[in-house]
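This report concerns only the one structure given below.
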Amino acid sequence: MWTRPSLCIAWSRGVDIGGKLYFVSRPRRFGKSLMLSTLNYLFQGRRDLFKGLAIDSLDYDWAEYPVISLDFYTAIAPTLETFEANLRVLVREALLAAGADWDDAATPEANFGMAIESLAKRRGKPVVVLIDEYDAPVSHALDDIPRANAIRERLSAIYAQLKSRGPNIRFMMMTGVTKFTQLSVFSALNNLTDLTLQPEAATLLGYTEEELDTFFGEHLRAHTQVMGLSDEDYRAQLRWWYNGYRFSPRCETKDYNPVAIGRALSRKCSYFEPTWSETGHSSALMKYLAAHPLTARDYERIPEWNRRVFDIYDWGAIPELTLLYHLGYLTIKDFDPICDFTLGVPNEDARRSLTRLVGQSQQGKAS
C-alpha cells in the first residue's frame, strides 16, 4: 500500500495509479481542504514550502503548472438566484487567480472550459484542477429538491467541461463529503478514479498510530503526564475517543480524526472530551433530519450492507445509514465478501454526538 507521501509524489510525477482524474469523499474535518492546498503548492513548484519533508529529498522536478482551484462551499446560497450569482463570482475569481481571462458575455462553465485550453496553450503545460466541496451547494439544498435539482444542472455543466479537455489537464482532484451519483461528473467522466474505498487511499486523510508516534510524540507524552495515566492506558483511551475510522474494505488500518487529535493535544485537558463533534453538525444533516427523523436503533454494529450503502442515488430518499456514514457518525467495522459490510460507530466522540442527534430527532418526531 502506498503511504501518503509516496501517493502524492506519484500524482505529482504523473505515475499511473489509476489515471489523472481523481475523486475522494471523507467526513467533514478530515483534512480534505488541507490536502488540496498542499497539492496546489506542490504543482506550483513551491519547493520552499516543502523543505525538510520527504519529497524535498527525492528527484521531483518541481515544475510549475497552471492551477485552477475551486471551492464550491463558497457558492452555497438559500435561493437559486443567489447561487447563480455566487457561482459566477466563484468561477471568475478562481480563473483570474490562475492567470486566465474572463469573458463577461460567456457563462461560468464556458469560461471554465476556455480557461483550461488557454492556460495550457499559453503556459505550454497542462492544467491542474482542484475542486473542493463539489457537493456542498446540493447537500445544502436537500430541504428543497427542485432547487437541488436545478443546482445540480448548473454544477453538471461546470464538471462537463473536464470531459473533452483531457489532453489539457495534467491532474484533477475533487473532494466532498458525499458521493452524489446524480451529479453528471460520475457518468460523464468515465476515466474518473474514485479513491473513496480504495486501499491505496485508506490512510490518505486522518492520522494513523504510526503517524501519531512519529509527529506528535512530544505532545502525547505531555498529555499523558497531565492526565496522570500510564502510556498504555493513555493510548487505549485516546483510541476509544478519537480512533476507529476505516475507509476501505481491503485495508484494516484505522484512522484518527485529525481535528479531534489537534484539539485534544493542544488543550491537554486532564480528561478526554468531545472535540470533533463540538465543531458543529452539518447543516445539510440538520435540514434532512427535519423531514427524516433518525431511527432509534443499535448503531454499534449494523451487519450485511452492500456497497450501494456508500453512494447516494436519490437525494429525495437518502438512506439514513448512508448519510450517517458520509458525515462521520458511522464507519466500516468489518467486511466479508459473502456477508458484505458491517457498519458501526467509530469512537466515543462520534457516539456521544450521534446519541444526541437521535434523541433530538425522536423528540422532533414526537412533537
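The values are calculated or read from the model by the stated rules, or taken from the named source; none is laboratory data. Please read all numbers here as calculations on a predicted model, not as lab measurements. Because the Cβ atoms are built from the backbone with ideal geometry, glycine has one as well, and the counts that use them run over all protein chains shown. These area figures cover heavy atoms from the full protein model, side chains too; ligands, DNA and RNA do not enter into them. Shrake-Rupley method; radii C 1.70, N 1.55, O 1.52, S 1.80 Å.
Checked against (1) over 26 Å from T175 (Cα atoms); (2) surrounded by fewer than 19 Cβ atoms within 10 Å (Cβ to Cβ); (3) among the hydroxyl-bearing types (S, T, Y), T253 passes all but a single condition, namely (1). Selection of the range 119-148 for residues being part of a helix (DSSP H, G or I) and surrounded by 16 or more Cβ atoms within 10 Å (Cβ to Cβ) yields L119, A120, A136, P137, V138, S139, R147, A148. Annotation note: of A201, A148, the sole residue that is more than 23 Å from F30 (Cβ to Cβ), among the small types (G, A, S) and in contact (Cβ under 8 Å) with a residue 60 or more places away in the chain is A148.
So R308 clears everything in (1) closer than 30 Å to A222 by Cα; (2) in a helix (DSSP H, G or I) except one condition, right? Which one? Going through (1) closer than 30 Å to A222 by Cα; (2) in a helix (DSSP H, G or I) one by one, R308 breaks only (1). I'd like to check something: does the range 256-269 contain any residue that is of a type in the set (S, T, N, Q), in contact with a Gly (Cβ under 9 Å, 6 or more places away or on another chain), surrounded by 13 or more Cβ atoms within 10 Å (Cβ to Cβ) and farther than 20 Å from L321 by Cα? No. When the residues of the range 285-305 are filtered to those that are hydrophobic (A, V, I, L, M, F, W, C) and in a loop (DSSP other than H, G, I, E, B), the one that is farthest from V24 (Cα to Cα) is A296. Restrict the check to the range 206-221 and report whether at least one residue is in contact with a helix residue (DSSP H, G or I) (Cβ under 6 Å, 6 or more places away or on another chain), in contact (Cβ under 8 Å) with a residue 60 or more places away in the chain, under 30 Å from V129 (Cα atoms) and of a type outside the set (G, A, S). No, the range 206-221 has no match at all. If the condition is being touching a residue at least 60 places away in the same chain (Cβ under 8 Å), outside any loop (DSSP other than H, G, I, E, B) and open to solvent by less than 20 Å² (accessible area, probe 1.4 Å), then the range 36-66 contributes L36, L39, F43. Filtering the range 340-367 to residues that are within 22 Å of P249 (Cα to Cα) and part of a loop (DSSP other than H, G, I, E, B) leaves V345, P346, N347. Filtering the range 311-339 to residues that are part of a helix (DSSP H, G or I) and open to solvent by less than 10 Å² (accessible area, probe 1.4 Å) leaves L321, T322, L324, H326.
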